[in-house]
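The values are calculated or read from the model by the stated rules, or taken from the named source; none is laboratory data. Since the structure is predicted, the reported quantities are computational estimates derived from the model, not experimental observations. Cβ coordinates were reconstructed from backbone atoms using ideal geometry, including for glycine residues, and neighbour counts include every protein chain displayed.
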């Protein structure tokens, strides 16, 4: 009488198809592992760099600076878009202390605008006072008035108090790398353009 294969000491018969892992188990495990790794590589860099500004945030920053300067920082908040001459000229005199009657503090553009030191900002006033093409404006200390840079009355390198109405770093030549905002403002009863560039 046939009795079948011998039983091991534990009492259970040994068969060839009893394995610890199947092909389906392996496929599911590898799929889950790869899914988790893709998630980590996709989202962790954004979590580790929360303070890096994107192009959209540069736009918000430039708009905020332009609005603050034109609606109160360089003038009276009750009369927006009208700049006070003394505070405006002093704003572009970097390195000198801020006048006590003006609504900004610090000696650099970043400090006066309350932006981080690593942010590059340029602020300038441009206009067509003589009817020619728009040019960078300048403060003529002799006549105590705003003039165009090319008018001949502006000599900021002559050692007097004439100064170009621009401050901050020089913007890069590539327009793709910068974000700019503009406001039309009044100063000395003349409409000029304030340009704020952030990069």
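Of note:
- Hits in segment 169-199 - residues which are loosely packed, with under 12 Cβ neighbours inside 10 Å, in contact with a strand residue (DSSP E or B) (Cβ under 9 Å, 6 or more places away or on another chain) and not in a strand (DSSP E or B): 170
- Qualifying residue in segment 50-58 (condition: within 30 Å of residue 184 (Cβ to Cβ), part of a loop (DSSP other than H, G, I, E, B) and modelled with pLDDT under 90): yes
- Subset of segment 116-132 [at pLDDT 90 or above and either under 15 Å from the mean Cα position of the chain (by Cα) or over 23 Å from residue 190 (Cα atoms) (or both)]: 120, 121, 122, 123
- Of the residues making up segment 100-107, none is in contact with a strand residue (DSSP E or B) (Cβ under 8 Å, 6 or more places away or on another chain) and either part of a loop (DSSP other than H, G, I, E, B) or within 21 Å of residue 66 (Cβ to Cβ) (or both).
- All conditions but one from (1) over 17 Å from residue 74 (Cα atoms); (2) under 27 Å from the mean Cα position of the chain (by Cα) apply to residue 107; the one that does not is (1).
- Checked against the criteria, residue 77 does not count as modelled with pLDDT of 85 or more, under 20 Å from residue 146 (Cα atoms) and in a loop (DSSP other than H, G, I, E, B).
- Tally of residues being surrounded by 14 or more Cβ atoms within 10 Å (Cβ to Cβ) and not in a loop (DSSP other than H, G, I, E, B) across segment 146-163: 7
- Of all the listed residues (101, 119), the sole one being free of Cβ contacts under 8 Å to residues at least 40 places away in the same chain and either surrounded by 14 or more Cβ atoms within 10 Å (Cβ to Cβ) or over 24 Å from residue 172 (Cβ atoms) (or both) is 101.
- Among the residues of segment 73-90, those identified as crowded, with 16+ Cβ neighbours inside 10 Å and more than 16 Å from residue 193 (Cβ to Cβ) are 73, 84, 87, 89, 90.
- Condition broken by residue 136, with the remaining ones in (1) surrounded by 13 or more Cβ atoms within 10 Å (Cβ to Cβ); (2) touching a residue at least 12 places away in the same chain (Cβ under 8 Å); (3) in a loop (DSSP other than H, G, I, E, B) satisfied: (3)
- Selection status of residue 124, closer than 20 Å to residue 85 by Cβ and in a loop (DSSP other than H, G, I, E, B): no
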